[in-house]
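Undergrad: Starting off with a structure, shown below.
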Amino acid sequence: MSVLKADHISIQFGGLRAVNDFSIDLNLGDIQAIIGPNGAGKTTVFNMLTGIYQPTEGTVYVNGKSMKGCKPYQFTAAGLSRTFQNIRLFNRSTVLDNVKMAYTFKMKYNFWEMLTRTGNYYSEEKRVTDEAMRLLEMFDLTYATDYFANNLPYGEQRKLEIVRALATAPQALLLDEPAAGMNPNEIDDLVKLIRRIHDEMGIGILIIEHHMKMVMAIADFIKVIDFGETICEGSPSTVQKDPKVIEAYLGRHANEGGSDK
């Protein structure tokens, strides 16, 4: 079942065509990746897939619904969630509160019930707290429930951002460079964690990542973009051997054994 589909999307900023004719079809249970050199347009693609940017051409669908003109919160409500390259946590809120904030649009009490602290308010708060704690336990973060988010080690902050994204109960999870700034041990733990999310939740996962060893170890299907254009797509083994991919990363003489003179 397709949970996220981009149908020939492009975007133009003034005279610059940043992404041209990009398509993707992410199904439940997929782990796909988008790779490419710096400035290739990967994050621009993510921003179109999540409603931050509106494509100049083409359409994005979430669970078969056209998201043309929709805001990011509507993408979330439709079943899509994401993390960001630069961590975006509420630093002076606790770890638990950071996760609970993701449940706001699913709370089943109104403003008056919150103000007067009715029984429904307390039962909803308990339900959301229990769900948040279940996710924190899955990520081994229950020890930090009452810590301020900015007091967590960097790798744990990355994990917390993924927990918060999962709290919206997405069917498609988009991870923007989740291994950025991590050491090799933290990256190994992250790979295991993504596999666990995949195995236990069965959701579609789409990753942007520069750490090629991680991508090749975890993705079933990879799209490579350069200067906003898709230059290759396929299995990790196919992508690794493609001359256009090698050229994009290493330069045009990478396959010639020569050098500029």
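Undergrad: Output wanted: per-residue J couplings in Hz (rounded whole) for segment 78-85, from phi through Karplus 6.51 cos²θ - 1.76 cosθ + 1.60, θ = phi - 60°, x for Gly and Pro.
TA: Calculated HN-Hα couplings, in order: 7, x, 10, 9, 8, 10, 10, 4 Hz.
Undergrad: For n ≥ 4 DSSP H runs only, could you compute -39500 (n - 2.57) per run for the chain, divide by its residues and tell me the 222 nm figure to the nearest 500? Kindly include the intermediate steps, with their values, before the conclusion.
TA: Working: 10 runs with 99 residues, N = 261.
Dividing the helical sum by the residues of the chain leaves -11000 deg cm²/dmol.
Undergrad: To continue, here is another question. Under 8 Å for C-alpha pairs, at least 6 residues apart: give me the relative contact order for the chain, rounded to a whole percent. Please list the in-between numbers first.
TA: Details: 454 pairs, mean separation 70.1, N = 261.
Reported relative contact order: 27 percent.
Undergrad: Starting from the Cα-Cα distance between Ile52 and Lys126, subtract it from 0.36 nm times their residue separation and give me the gain in nm to one decimal. Please report the intermediate quantities before stating the final value.
TA: Working: separation 74, 0.36 × 74 = 26.64 nm, distance 3.23 nm.
Gain on extension, Ile52 to Lys126, equals 23.4 nm.
Undergrad: Here's something else I'd like to know. List the pairs from Lys68/Lys244; Lys71/Lys106; Lys126/Lys192; Lys42/Lys65; Lys42/Lys244 whose alpha-carbon separation is above 28 Å, in the order I gave them. Could the numbers behind the result be given before it?
TA: On the way: Lys68/Lys244 33 Å; Lys71/Lys106 17 Å; Lys126/Lys192 30 Å; Lys42/Lys65 23 Å; Lys42/Lys244 17 Å.
Going by Cα-Cα distance, Lys68/Lys244; Lys126/Lys192 fall outside the 28 Å limit.
Undergrad: At R0 = 25 Å, how high is the FRET efficiency between Gln12 and Asp220 if r is their beta carbon distance? Nearest 0.05 is fine. Could you put the intermediate results ahead of the total?
TA: Working: r = 31 Å, r/R0 = 1.26.
After rounding to 0.05, the efficiency reads 0.20.
Undergrad: Using the Cα centre as the reference, give the magnitude of the dipole from point charges on the C-beta atoms of segment 88-154 (Lys, Arg: +1; Asp, Glu: -1; all else neutral), rounded to the nearest 20 debye. Can you show the working numbers first?
TA: On the way: 9 positive and 9 negative charges, 45 e Å.
Its charge dipole is roughly 220 debye.
Undergrad: Given a Förster radius of 41 Å and the C-beta distance between Ser2 and Met212 as r, what FRET efficiency does 1/(1 + (r/R0)^6) yield to the nearest 0.05? List each step's numbers first, then the result.
TA: Values: r = 27 Å, r/R0 = 0.66.
For Ser2 and Met212, the calculated efficiency is 0.90.
Undergrad: So, R0 is 22 Å and r is the distance between the beta-carbons of Asp25 and Met101; what FRET efficiency does that work out to, to 0.05? Before the final figure, lay out each step's value.
TA: Values: r = 31 Å, r/R0 = 1.42.
So the FRET efficiency works out to roughly 0.10.
Undergrad: What distance in nm separates the two pseudo spin-label positions at Lys65 and Thr142, each 7 Å out from Cα along the beta-carbon direction?
TA: With each label point 7 Å from Cα toward Cβ, the separation is 3.4 nm.
Undergrad: Give me Thr145, Thr116 ranked fewest to most by other Cβ atoms within 10 Å of their Cβ, as a rough exposure proxy. Walk me through the intermediate numbers first.
TA: Numbers: Thr145 16, Thr116 8.
Fewest-to-most ranking of Thr145, Thr116: Thr116, Thr145.
Undergrad: What percent does the relative contact order of segment 88-154 come to when contacts are Cα pairs within less than 8 Å and at least six residues apart? Don't jump to the answer; show the numbers that get you there.
TA: Values: 47 pairs, mean separation 37.3, N = 67.
Rounded, it is 56 percent for segment 88-154.
Undergrad: Here is a follow-up. What trypsin sites (Lys or Arg not before Pro) in segment 42-115 are in a loop by DSSP, with at most 14 other Cβ atoms within 10 Å of the Cβ?
TA: Numbers: sites: Lys42, Lys65, Lys68, Arg82, Arg88, Arg92, Lys100, Lys106, Lys108; in loops: Lys68, Arg88, Arg92, Lys108.
Sites meeting the loop and neighbour criteria: Lys68, Arg88, Arg92, Lys108.
Undergrad: If you average the C-alpha positions of segment 1-67 and of segment 168-196 separately, how far apart do those two centres end up, in angstrom?
TA: Centre-to-centre distance over Cα atoms comes out at 20 Å.
Undergrad: Let me ask you something else. Could you list which residues have their amide H under 5 Å from that of Ile231, counting only those 5 or more apart in sequence or on another chain, with H placed in the peptide plane?
TA: So Ile231 has HN proximity to Val224, Ile225, Asp226.
Computed from the coordinates by the stated procedures, all read-outs in this text should not be read as laboratory data. The shown structure was predicted, so the numbers you read here are calculated from the model rather than taken from an experiment. We place every Cβ from the backbone using ideal geometry, glycine too, and count neighbours over all the protein chains shown.
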